[in-house]
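*Asks:* First the structure, then my questions, so here it is.
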Ligand SMILES: [Zn+2]
């Protein structure tokens with residue numbers, strides 16, 4: 001399918017999603033869109049080039065048939081993205097521009113008001129450039145996570161599964177199971193590609209020294225950096241006041257549950273690489289939570305900390321049973337997903 005036809009199909013998809021109630025499903029950004037500045041257009045094309053190169057790297061190691069995937073940006077402001085399947089073989093990943101602009105501005109603001117989000121950054125506050133670089137790197141990690149999440153929906157066969165078994169596609173447990181799988185796979189991809197760039201020296205070659213030392217000075221710092229980015233992203237949405245019944249009607253697992261799940265998978269994936277170093281673990285998950293929460297408070301983030309406390313309370317009470325429900329369902333649909341997966345065998349269930 002040629003690009004203009006793909007773009008037409010994507011716009012039709014977004015329009016119908018908007019009609020069905022997703023008010024942030026807005027049309028694709030066009031190259032000549034005057035509502036964006038030159039600088040913003042430039043940022044988007046750099047992002048697209050980066051995501052395309054992540055995609056190529058992923059595909060280069062894949063076994064079996066590799067699908068065509070078209071990457072584009074839409075005008076939505078919320079931190080949302082979509083993956084789509086057209087005519088059984090054409091895929092697209094569409095990312096809202098909010099995932100690029102809003103998140104970077106927010107993280108820059110957080111670091112400015114509370115540099116401790118990044119351990120030791122305070123000592124570098126006289127070099128505003130380091131703050132900017134750190135904000136850009138963290139927001140790129142968020143964007144990569146969002147991208148890998150959508151890519152996992154495609155490569156792990158979720159879209160084909162939903163199409164084949166459309167009669168049950170409204171089943172919320174099916175949806176939540178696929179979302180949990182996409183999160184876990186996205187973390188595996190994100191940690192994997194970052195470690196790869198770390199060990200081959202590519203990270204060091206592309207990042208100014210002071211920022212590199214702060215964020216990736218040791219492999220432990222690298223994992224804390226990824227965890228911080230994921231924490232910021234998923235924490236933004238924690239407004240759920242979950243009950244046993246309300247959990248069952250969500251299209252995604254509750255955000256607090258995704259948050260803990262993602263931090264956990266990141267730590268597991270990291271230890272699977274069995275990087276035994278002499279460094280002590282400098283930054284604990286507890287530090288990450290404390291620093292990010294303080295930064296949200298300093299920038300007057302609209303979500304009340306009380307909601308977060310509630311979400312954590314719910315997490316402890318409700319999520320283990322819900323987690324079991326999703327895991328059990330995953331085991332049930334695993335043979336189908338494995339058959340429908342692109343590029344070889346499905347990854348071993350991560351949760
Ligand atoms: Zn998803």
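A short reminder: the numbers here are calculations on the coordinates, not readings from a lab. This is a predicted model, so every value here is computed, not measured. Note that each Cβ is placed from the backbone with ideal geometry, even for glycine, and that neighbours are counted across all protein chains shown.
*Asks:* Under 8 Å for C-alpha pairs, at least 6 residues apart: give me the relative contact order for the chain, rounded to a whole percent. Mind dumping the intermediate values first?
*Replies:* Details: 422 pairs, mean separation 67.1, N = 351.
Relative contact order for the chain comes out at 19 percent.
*Asks:* Using 0.36 nm times the number of residues separating residue 251 and residue 213, minus their current alpha carbon distance, what extension gain do you get?
*Replies:* Computed gain between residue 251 and residue 213 is 9.7 nm.
*Asks:* Between residue 52 and residue 116, what is the label-to-label distance in nm when each label sits 7 Å out along the Cα-to-Cβ direction?
*Replies:* It is 4.3 nm.
*Asks:* Just to verify a number: FRET efficiency for residue 317 and residue 172, C-beta to C-beta distance, R0 = 25 Å, to 0.05?
*Replies:* FRET efficiency, residue 317 to residue 172: 0.80.
*Asks:* Another question, then. Order 232-238, 153-159 from most to least packed using the mean count of other Cβ atoms within 10 Å.
*Replies:* By packing density, highest mean first, the sequence is 153-159, 232-238.
*Asks:* Just grab the label-to-label distance for residue 126 and residue 325, each label 7 Å out from Cα along the Cβ direction, in nm (one decimal).
*Replies:* 5.6 nm
*Asks:* Also, quick follow-up: Just the projected area, averaged over all directions, of the convex hull on the alpha carbon atoms of the range 1-96: how many nm²? It would help to have the intermediate numbers written out before the result.
*Replies:* On the way: hull surface 27.4 nm².
If you wrap the Cα atoms of the range 1-96 in a convex hull and average its projections, you get 6.9 nm².
*Asks:* Where a ≥ b ≥ c are the square roots of the eigenvalues of the C-alpha gyration tensor, would you call the chain rounded, which needs a/c under 1.5, or, failing that, prolate if a/b is larger than b/c, or oblate?
*Replies:* Rounded shape, in that the Cα axes give a/c under 1.5.
*Asks:* In percent, how large is the relative contact order of the range 15-105, given Cα pairs closer than 8 Å and 6 or more residues apart?
*Replies:* Dividing the mean separation by the residue count of the range 15-105 yields 27 percent.
*Asks:* Under 8 Å for C-alpha pairs, at least 6 residues apart: give me the relative contact order for the range 68-146, rounded to a whole percent.
*Replies:* Contact order relative to length: 26 percent.
*Asks:* Extending each Cα 7 Å along its Cβ direction at residue 237 and residue 105, get the distance between those two points in nm, one decimal.
*Replies:* Result: 2.1 nm between the two label points.
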